[in-house]
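Let me give you the structure first, and then I'll get to my questions.
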Amino acid sequence: MSVVALVPAAGRGVRLGEDVPKAFVELGGRTMLARAVDGLRDSGAIDRVVVIVPPEMVAEVRADLGSAEDVVVVAGGSERTDSVRAGLAGAGDARFVLVHDAARALTPPSVIARVVAQLRAGSSAVIPVVPVTDTIKSVDAFGAVTGTPQRSDLRAVQTPQGFDAAILRRAYDEVGAVATDDAALVERLGVTVQTIEGDALAFKVTTPHDLVLARALLNGSGSGRELSSCE
Ligand code: CTP
Ligand code: MG
């Protein structure tokens with residue numbers, strides 16, 4: 001029962017504002033993309049990885065990966081949804097598919113292993129989550145508050161998100177919407193999405209502040225390969 005991980009890494013990183021696409025920004029001498037792929041391999045739960053990169057970088061990334069047989073490189077599209085769709089086309093006959101943002105470069109391998117274990121235990125869709133610490137408000141177009149959801153009912157969602165491959169393919173074929181989160185497409189099919197415990201280290205590097213945090217965490221742990229997780 002093969003497990004394929006898709007790694008969307010084709011974004012431009014506009015909010016980060018570096019001069020290379022975000023997945024190619026280095027943390028402690030390794031790109032975020034390389035760290036994300038290492039984490040997947042270190043989990044011991046993944047058979048193959050499909051990385052999805054900006055079209056102009058496909059040749060360079062293929063050359064960097066050399067002869068790694070467990071990784072294939074495909075070109076992404078303009079929205080994250082387009083990139084995941086391109087990755088799915090390269091996933092072959094996977095039984096389970098994980099989708100894991102390159103930007104969550106410090107995700108502990110244990111989180112990845114937990115997602116796969118929950119799929120093997122019978123869930124069709126699995127997402128790692130953490131409690132929300134800020135109170136969240138909904139607002140209207142003018143900034144007036146329209147509601148305050150009960151904080152204890154809310155979770156912040158991370159990756160990797162894991163799916164029965166046939167269900168994720170159906171979500172992408174039938175729903176066809178743009179979403180920031182793959183599970184949202186699967187939810188629209190009426191499939192139950194199961195949460196499992198995420199980890200603070202699986203945060204997404206989005207802004208310059210996040211980059212400072214990621215680099216500080218790595219500096220505090222030497223090479224960064226043995227960052228202690230926040231479980
Ligand atoms: N991604 C992708 N293809 C896109 C857009 C995003 O593969 N067209 C990937 C990013 O490379 C990242 C992940 O999806 O690993 C999460 O997206 P996000 O954090 O929004 O990254 P960017 O789109 O690069 O950043 P920004 O929105 O600030 O430009
Ligand atoms: Mg984006």
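Counting only residues 5 or more places away or on other chains, whose amide H sits under 5 Å from the amide H of VAL72 once H atoms are built in the peptide plane?
VAL49, VAL50, VAL51
Label ALA59 and ALA166 with points 7 Å out from Cα along Cα→Cβ: what is the distance between them in nm?
4.1 nm
Where does each of VAL74, VAL50, VAL7, VAL157 land when they are ranked from fewest to most other beta-carbon atoms within 10 angstrom?
Numbers: VAL74 21, VAL50 24, VAL7 31, VAL157 17.
The order, fewest Cβ neighbours first, is VAL157, VAL74, VAL50, VAL7.
Follow-up question, since we're still on this one. With n ≥ 4 as the cut-off for DSSP H runs, can you work out [θ] at 222 nm for the chain, using -39500 (n - 2.57) per run divided by the number of residues, rounded to the nearest 500? Can you show the working numbers first?
Numbers: 7 runs with 70 residues, N = 231.
Rounded to the nearest 500, the figure is -9000 deg cm²/dmol.
Let me know the shape class of the chain, please: from the alpha-carbon gyration tensor, a ≥ b ≥ c as square roots of the eigenvalues, rounded when a/c is under 1.5, otherwise prolate if a/b is greater than b/c, or oblate.
Numbers: a/c = 1.34, a/b = 1.11, b/c = 1.20.
Cα axes put the chain in the rounded bin.
Based on other C-beta atoms within 10 Å, arrange PHE163, PHE142 from fewest to most. Mind dumping the intermediate values first?
Details: PHE163 29, PHE142 5.
Ranking PHE163, PHE142 by Cβ neighbours within 10 Å, fewest first, gives PHE142, PHE163.
How would you rank ARG15, ARG170, going from fewest to most other Cβ atoms within 10 Å of each one's own Cβ?
On the way: ARG15 12, ARG170 16.
Listed from fewest to most nearby Cβ atoms, that is ARG15, ARG170.
Based on alpha-carbon centroids, what's the gap between segment 180-209 and segment 77-119 in Å, whole number please?
11 Å
Quote the relative contact order of segment 22-175 in percent (integer), defining contacts as alpha-carbon pairs under 8 Å separated by 6+ residues. It would help to have the intermediate numbers written out before the result.
Numbers: 216 pairs, mean separation 36.0, N = 154.
That works out to 23 percent.
We did not get these values from a lab; they are worked out from the coordinates using the rules stated. Predicted, not measured: the structure shown is a model, and the values here were computed from it. We place every Cβ from the backbone using ideal geometry, glycine too, and count neighbours over all the protein chains shown.
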